[in-house]
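Let me begin by presenting the structure, written as structure tokens, before commenting on it.
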Amino acid sequence: MTLHIPFDNSYGRLPARFYARLAPTPVADPSLIALNAPLARDLGLDPDALAAPEGVAALAGNTVPDGADPLAQVYAGHQFGGFSPQLGDGRAILLGEVLDSNGLRRDLQLKGSGPTPYSRMGDGRAWMGPVLREYILSEAMHALGIPTTRALAAVSTGETVVRGAALPGAVLTRIAASHVRVGTFQYFAARNDTEAIEKLAQYVIDRHYPEARDAAGLLDAVINRQARLVAQWMAVGFIHGVMNTDNTQIAGETIDYGPCAFMDAYHPNRVYSSIDQQGRYAYGRQPEIAVWNLAQFATCLLPLMGPDREAAIERATEAVHRFADLHGDAWLTLFRAKIGLASAEDGDADLIGRLLSAMAIQKCDFTNTFRALSGEAAADAFPERDFFESWAPDWQARLARDGAGWPEQRALMERTNPAVIPRNHRVEQVISAAVEGDYAPFSKLNEVLATPFDLADPAYAAPPAPEEEVRQTFCGT
């Protein structure tokens, strides 16, 4: 079966200093682990052709399909607050772009495809664990309705990757609205390359924000999307774990599923990432970190915001400061829905805050506690039932004032609060099995997570037993 990918590439038409052109490095013995057939069809691709030997060779980087324009993008970034003036795709190759069924331009990128000029002494490879982790987490986020990069395929390489031990290698095919990041702008700002910043800004406006007429409009649009995105993370208990500016995608998608995690027991200071020693990217700090990252983006755009630098700074500062209200409004709307409220009252934030405080004190499971509110045994979610019994009358009085009946309110909660999430211990179990050659748990977990608001298998909703709990997650590099 002949593989045909209808590439229509635009990033490679930007100046040469935006990337390095090179092909992926072939692997020894590629074999398909998983193919996302519905996504393939949405991209205008034939799943059968992708699963055939010719397709698997392309997904592994052993062949470059006709029409591809393989390149590694360059960018900079603040990593845990420290600025690196050059980072870039150290283990990824952008094959090219296609237009999906809605006419939207989508990147096809191979992760783990070999060294590039930006590898910084690395081997450019990925081991199977991070590849399967990103596949699971990104597709779970999509099923939850949260903007995210997607996973088209995972391919084993038949090679080993050394990460303290010899581990099986793999390549992920990642789909994104684009891979332009705050760090892409920072790369050129660090070099005072205003011409490149202007070209990049216009590229982003044309591709993602056609309603934005200029740099100021672009800043506003990016802030709006990031405010909504982070609120959506908060509403499902998601902790990104590495909110560096090079992982802040301009199109407003969740990108980079390295040391991320969904919380089990709730606490605003919860951290899972092994490299976040100071809690910079803790669950509750994500909104303020987003503001910090957006301030770096705003700084990059200042040269495009008029000849009066002071006026530009004032305009950019006002835009960044609006994040708090935008995020707060989105957060409150989402959390109102999580407790069954479709209307707004001034005391709602306090009502929700009291619930969250009790959950933190009692170490309640984030996902299951909210899901329990729509059932008949909500009090059982709390080890100490006294709190719920004191909070519930205020909640029930508020539900009564909301105007909708209980069936509608329960339905709202059940379509807002997932029954299943990609719990850390489940993901680790899947990876352990896959390393031994058993992909059945991986397939089953993906199947369950594809319908997160349904409880087809209660076992997948259970929090970890003490001996199963995963306290740290790790960067895939």
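The values are calculated or read from the model by the stated rules, or taken from the named source; none is laboratory data. All values derive from a computational prediction rather than experimental measurement. Counting neighbours? That spans all protein chains shown, and the Cβs are built from the backbone with ideal geometry, glycine included. Please note that ligands, DNA and RNA were not included when accessible areas were found on the heavy atoms of the full protein model with its side chains. Shrake-Rupley method; radii C 1.70, N 1.55, O 1.52, S 1.80 Å.
Restricting attention to region 261-311 and to residues that are in a loop (DSSP other than H, G, I, E, B) and among the aliphatic types (A, V, I, L, M), the residue that is most open to solvent (accessible area, probe 1.4 Å) turns out to be 275. If you go through region 389-415 and keep only what is open to solvent by less than 30 Å² (accessible area, probe 1.4 Å) and among the polar types (S, T, N, Q), you end up with just 409. Of all residues in region 423-474, those being aromatic (Phe, Trp, Tyr), at pLDDT 95 or above and assigned to a loop (DSSP other than H, G, I, E, B) number 2. Flag: residue 336 does not match the condition of being touching a Phe, Trp or Tyr at 6+ places or on another chain (Cβ under 9 Å), of a type in the set (D, E, K, R) and surrounded by 14 or more Cβ atoms within 10 Å (Cβ to Cβ).
Within region 119-147, the set of residues being assigned to a loop (DSSP other than H, G, I, E, B), hydrophobic (A, V, I, L, M, F, W, C) and in contact (Cβ under 8 Å) with a residue 12 or more places away in the chain comprises 144, 146.
Just one of 120, 91 is over 23 Å from residue 435 (Cβ atoms) and of a type in the set (D, E, K, R); which is it? Answer to the selection: 120. Scanning region 19-30 for residues that are open to solvent by less than 60 Å² (accessible area, probe 1.4 Å) and either in a strand (DSSP E or B) or touching a strand residue (DSSP E or B) at 6+ places or on another chain (Cβ under 7 Å) (or both) yields 19, 20, 22, 24, 27, 30.
For every residue, the table says whether it meets (1) surrounded by fewer than 19 Cβ atoms within 10 Å (Cβ to Cβ); (2) closer than 24 Å to residue 80 by Cα.
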| site | (1), (2) |
| --- | --- |
| 149 | no, yes |
| 164 | yes, yes |
| 171 | no, no |
| 186 | no, yes |
| 194 | yes, no |
| 201 | no, no |
| 208 | no, no |
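Within region 235-249, one or more residues are in a helix (DSSP H, G or I), at pLDDT 95 or above and closer than 20 Å to residue 333 by Cα.
I want to confirm something. Restricting to region 339-353 and keeping residues that are in a loop (DSSP other than H, G, I, E, B) and charged (D, E, K, R), which single residue is surrounded by the most Cβ atoms within 10 Å (Cβ to Cβ)? Checking each candidate, the answer is 345.
Between 181, 125, 120, the distinction of being buried (at least 22 other Cβ atoms within 10 Å of the Cβ) and out of contact with any helix residue (DSSP H, G or I) (no Cβ under 9 Å at 6 or more places or on another chain) belongs to 125 only.
Sub-8 Å Cβ pairs linking a first residue in region 380-406 that is at pLDDT below 90 to a second residue that is aliphatic (A, V, I, L, M) and surrounded by fewer than 16 Cβ atoms within 10 Å (Cβ to Cβ), at least 6 apart or interchain, are 403/342, ordered by first then second residue. Within region 216-225, the residues that satisfy the criterion of being open to solvent by 10 Å² or more (accessible area, probe 1.4 Å) and either touching a residue at least 40 places away in the same chain (Cβ under 8 Å) or in a loop (DSSP other than H, G, I, E, B) (or both) are 216, 220, 224, 225.
In summary, residue 358 fulfils each of the numbered conditions (1) open to solvent by 30 Å² or more (accessible area, probe 1.4 Å); (2) modelled with pLDDT of 95 or more with the single exception of condition (1). For residue 474, the criteria (1) of a type in the set (A, V, I, L, M, F, W, C); (2) without any contact (Cβ under 8 Å) to a residue 60 or more places away in the chain; (3) under 30 Å from residue 167 (Cβ atoms) hold in every case but one, which is (2). Right, residue 394: among the charged types (D, E, K, R) and under 21 Å from residue 359 (Cβ atoms) or not? In short, yes.
Is it the case that region 5-12 has a residue that's modelled with pLDDT of 95 or more and not in a loop (DSSP other than H, G, I, E, B)? So that I can check it myself, show each step before the final result.
Filtering region 5-12 for residues modelled with pLDDT of 95 or more gives 5-12.
Narrowing further to those that are not in a loop (DSSP other than H, G, I, E, B): 11-12.
Yes: one or more hits.
The residue list 33, 93 contains one member that is modelled with pLDDT of 95 or more, touching a Ser or Thr at 6+ places or on another chain (Cβ under 9 Å) and open to solvent by 10 Å² or more (accessible area, probe 1.4 Å), which is 33.
Do the conditions hold for residue 156, that is, is it in a loop (DSSP other than H, G, I, E, B), in contact with a helix residue (DSSP H, G or I) (Cβ under 7 Å, 6 or more places away or on another chain), touching a residue at least 12 places away in the same chain (Cβ under 8 Å) and hydroxyl-bearing (Ser, Thr, Tyr)?
Details: in a loop (DSSP other than H, G, I, E, B): no; in contact with a helix residue (DSSP H, G or I) (Cβ under 7 Å, 6 or more places away or on another chain): yes; touching a residue at least 12 places away in the same chain (Cβ under 8 Å): yes; hydroxyl-bearing (Ser, Thr, Tyr): yes.
No: the conditions fail for residue 156.
Suppose we filter 275, 250, 197 for residues that are under 22 Å from residue 134 (Cβ atoms) and more than 16 Å from the chain's Cα centre (by Cα); which single one remains? The unique qualifying residue is 275. Assess whether residue 69 counts as being open to solvent by 10 Å² or more (accessible area, probe 1.4 Å), of a type in the set (Asp, Glu), touching a strand residue (DSSP E or B) at 6+ places or on another chain (Cβ under 7 Å) and at pLDDT 95 or above. So residue 69 passes the test.
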